[in-house]
Amino acid sequence: SRRRASMLASAPLFCTHARTHHRRASTKKKSPIAMAALPTPESKRTVAIAGGGLVACSCAYFLQKSGLVDVVLVERMPHVASAASGKAGGFLARDWGDGTSTEPLHKRSFALHEELAKTLGLETYRKIPTLSVLGGESLAPPEPIVSWLDGDIQMCRLMDGPDGTAQVTPKELCVKLHAAALELGAKSVTGEVTGVAFVDEDAKDKVRGLIVRDENTGETTVVAGDDVVVAMGPWSTRASEWFDIDVPMTGIRSTSVVYEANEAVMREPAALFCGE
């Protein structure tokens, strides 16, 4: 389907299908297996990424790390993680997608975050227990699972242990993914993505890059790309006009409040899901 929240326009980057043929044993000398040659600097495709959040920086890092393509990331602000990726809670759960079509993705993602914590030197990554807490009076108040949990507690139970839930500050992860991508050879451009440039503007079947406006000068240029990735969070809905397709957005209005943790919480961290 062409309707995706994060869209990759043009052809897939690189897709090699290995076919295995079962044949009878032969005494003939077998030929060496033909291997696909890695792209040379001259033949590499360039991927232009619109956005500077966690999805965009993750794409930039892993694509550049593959060695198969060169990446140019375009972000409107002078720094990455300027919106939701710089303010989210960063809660991770390994098994909470069990029984769904994305179950393998949940498990792989959880493991990958731990790997990235080591590779990128993330200081905020930590495995934590997750509790379900309900405030209110109780005839037999439960014993708090963490020592700093106070007040009237009607119910307190363990939802998941530290092997199944973890936390990382998304801003740190985003910033370090971006920095690592640049160290690997990716480029970063500051500017507002206002559209996608096509080889044939009528057919719109092959991209040639992102249209970027310099907010200081007002000048518009095209950041070249054989493929483009639109990863601008809620602003990705702009792609509806660029590709002449429907890019719907739905969400839930909510509020996030960030508190400075005290010493007790720092020593004994836990995630709490609290009832009304």
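The values are calculated or read from the model by the stated rules, or taken from the named source; none is laboratory data. Please read these numbers as outputs of a predicted model, since none were measured by experiment. Every residue, glycine as well, gets a Cβ built from its backbone with ideal geometry; the counts of neighbours run over all protein chains shown. Each accessible area value is taken on the protein alone, full model and side chains, heavy atoms only, with ligands, DNA and RNA left out. Shrake-Rupley method; radii C 1.70, N 1.55, O 1.52, S 1.80 Å.
Structure notes:
- For region 55-74, the condition of being in a loop (DSSP other than H, G, I, E, B), farther than 30 Å from Glu263 by Cα, touching a His at 6+ places or on another chain (Cβ under 9 Å) and open to solvent by 50 Å² or more (accessible area, probe 1.4 Å) holds for none of the residues.
- The test for being of a type in the set (Val, Ile, Thr) and open to solvent by 70 Å² or more (accessible area, probe 1.4 Å) holds for Thr190.
- Ser85 falls short on exactly one of the conditions (1) open to solvent by 50 Å² or more (accessible area, probe 1.4 Å); (2) modelled with pLDDT under 95, and that condition is (1).
- Being open to solvent by less than 30 Å² (accessible area, probe 1.4 Å), within 30 Å of Leu210 (Cβ to Cβ) and touching a His at 6+ places or on another chain (Cβ under 8 Å) is a property that Val168 has.
- Set Lys176, Lys206: member being surrounded by 16 or more Cβ atoms within 10 Å (Cβ to Cβ) and charged (D, E, K, R): Lys176
- Unique residue being of a type outside the set (Lys, Arg), touching an Asp or Glu at 6+ places or on another chain (Cβ under 7 Å) and closer than 24 Å to Gln64 by Cα when the list is Gly185, Gly209, Gly136: Gly185
- Pro248 vs. criteria within 22 Å of Ala84 (Cβ to Cβ), surrounded by fewer than 18 Cβ atoms within 10 Å (Cβ to Cβ) and within 18 Å of the chain's Cα centre (by Cα): no
- Close pairs from region 144-163: first on the phi > 0 side of the Ramachandran plot, partner not hydroxyl-bearing (Ser, Thr, Tyr), Cβ under 9 Å, at least 6 apart: Gly151/Gly135
- In region 145-160, the residues that are within 28 Å of Pro170 (Cβ to Cβ) and surrounded by 14 or more Cβ atoms within 10 Å (Cβ to Cβ): Ile145, Val146, Trp148, Leu149, Cys156, Met159, Asp160
- The set of residues in region 209-225 being open to solvent by 70 Å² or more (accessible area, probe 1.4 Å) and over 15 Å from Gly51 (Cα atoms) consists of Glu215, Asn216, Thr217, Glu219, Thr220, Thr221.
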